Amino acid sequence: MSAEREDVRHSGSVTACVFSADGERLATASEDATLRVRDARSGAVLATGRASGAARSCAFSGDGASVVSGWDDGALRVHDAATGADAATLLGHSGPVRACATSADGARIASGSDDGTLRLWDPAAHPIVTVLADHGRAVAGCRLRADGRVVLSWCVEGPAQLRDVETGAETALEGGPGGVVAAAFSPDGRQVLVASRGAGLAVCDARTGAALARMAEPAAEIRSAQWRPDGRALVFGTVGGELGIWEVATPAARVLEAQPRAIDECLVSPDATWLVSRSADRTVRLWDMGRGTCTAVFAPGPAISALAVSPSGRRIAVGDAAGGVHLLTPPPATRGTPLVTGAFLYRAPERGFEREPTLACPWCARRWLAPAAVVDAVREATRDEIRAWEIPAEAWRAAALVAACPACHETVRFNPYFLDGRGDVPGADARSVDVGEGVARQAVLEPDPLGETIVPARAAPTPTVPIPAVPVPEAPAAPPSASLLGRLFRGVFGSK
């Protein structure tokens, strides 16, 4: 699982990495006194911010236009994501800023420092700042609820706390007597997970702070935890190498395969089909949440120091102690190879159909022409003017129907027929086309948001149908290409 591309790397350990909300950019902070913004597809460095001392934390604004970072010199800096230039320097902390967070609308920034203070900033009206709390000990982490009205913070000792930014009201969470190692709002913001040393996991009411549920104590001390996207379960890792899933409605957790060393962090994919963990044994592992088994391992060599999953789940960012930054793609066997259908689009301005079939890539949404090999395979499959469900089994298995998007290079598999409202496809007329399953479905033609292109809507199969679930009765499934099965991870770039 070596990297396919290498790019500019940090000269010091990577301390944090985070994707923008649209998944297009990745920010990495490092002990080499730089913050870098990268293209999340290619890994190319787009902008670099510099200061004195190490960068300890970073977070994108809601619109992705700026990046907030915390530094060893006590400053909180707001960088232009396009150029890396400092848009603002927020001063107030007297110690390293190890935690920072932004509200969804970007109107508020929260920061926690080794000086023991939790501060709230207004980036549009700096240097206006509110000291929300003085913990008296280093702040280990902070989170802003999506609406920006409540701040969650915790230290290495004492309980996690919630603070209303309007009233200043403070609420302690009943997580346990030990120090807090992780805390996070549930997806709906109504509950908070609290992972404590010696007290395991608890789910607390975000309004009262009362513990609503507690997990039966694990065999080893909790090191990390995160919500499952549906808000009904938590995933956690322990110092003993256990990785588990706790359904909040039950007291006991399901433990997956144990790792040799402590699990420092675990993150869940947006669709909750897999999770990724980084461990003290210098590995990143991918896990199937349904089967509970490890499906892939990435070991760059140096210790793993940072981990992030893109909002789409299509990229995993890994930072290491030697300054390397690696972009990994979860293996297709985990998420399935999208099944797509090419279509001849109607162009309203020209009042006619395109001469070549195209498709919208389910991975990057870019539209591209069906390759000539795919067109030839479809023509061969339909040359006897048969219906889609009458296409011979060998046609569905044709290797020529597998193609890679020229923009993002992700793999898709074409159906052996096209959607065509011109009437040139056997069995089709200007309003309908046969799309399989033994019935003729309507290929409704509707204008796109720009009013320029009319596309077949709701007729193509959904882009998440995995092989072998081909949507045609009695049609044997086609296996993914051997090159895909032979590669567990595809690294876009990494350490040298």
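The values are calculated or read from the model by the stated rules, or taken from the named source; none is laboratory data. Quick caveat, the model's predicted, so the values are computed rather than measured. Backbone-built Cβ (ideal geometry, glycine too); neighbour counts: all protein chains shown. All accessible areas refer to the heavy atoms of the entire protein, side chains included, with ligands and DNA or RNA removed. Shrake-Rupley method; radii C 1.70, N 1.55, O 1.52, S 1.80 Å.
Scanning segment 54-74 for residues that are under 18 Å from SER305 (Cα atoms) and either surrounded by fewer than 22 Cβ atoms within 10 Å (Cβ to Cβ) or in contact with a Ser or Thr (Cβ under 7 Å, 6 or more places away or on another chain) (or both) turns up ALA54, ALA55, ARG56, SER57, CYS58, ALA59, SER69, GLY70, ASP72. Tell me yes or no: at least one residue of segment 249-263 is hydrophobic (A, V, I, L, M, F, W, C), in contact with a His (Cβ under 9 Å, 6 or more places away or on another chain) and within 20 Å of ALA182 (Cα to Cα). No; the residues of segment 249-263 include none that is hydrophobic (A, V, I, L, M, F, W, C), in contact with a His (Cβ under 9 Å, 6 or more places away or on another chain) and within 20 Å of ALA182 (Cα to Cα). Scanning segment 340-389 for residues being farther than 29 Å from ASP22 by Cβ, modelled with pLDDT under 70 and open to solvent by less than 70 Å² (accessible area, probe 1.4 Å) gives a total of 5. Would a scan of segment 293-302 turn up a residue that is touching an Asp or Glu at 6+ places or on another chain (Cβ under 9 Å), over 25 Å from THR15 (Cβ atoms) and in contact (Cβ under 8 Å) with a residue 60 or more places away in the chain? Taking every residue of segment 293-302 in turn, at least one turns out to be touching an Asp or Glu at 6+ places or on another chain (Cβ under 9 Å), over 25 Å from THR15 (Cβ atoms) and in contact (Cβ under 8 Å) with a residue 60 or more places away in the chain. Would you say SER30 is open to solvent by 10 Å² or more (accessible area, probe 1.4 Å) and among the polar types (S, T, N, Q)? It is false that SER30 is open to solvent by 10 Å² or more (accessible area, probe 1.4 Å) and among the polar types (S, T, N, Q). Scanning segment 177-187 for residues that are open to solvent by less than 20 Å² (accessible area, probe 1.4 Å) and over 28 Å from the mean Cα position of the chain (by Cα) yields GLY178, GLY179. Quick one: which of ASP105, ASP147, ASP134 is surrounded by fewer than 19 Cβ atoms within 10 Å (Cβ to Cβ) and closer than 19 Å to GLY209 by Cα? Step by step, each of ASP105, ASP147, ASP134 is checked, and only ASP147 is surrounded by fewer than 19 Cβ atoms within 10 Å (Cβ to Cβ) and closer than 19 Å to GLY209 by Cα.
Of everything listed in (1) modelled with pLDDT under 90; (2) of a type in the set (A, V, I, L, M); (3) open to solvent by 20 Å² or more (accessible area, probe 1.4 Å), the single unmet condition for ALA88 is (3).
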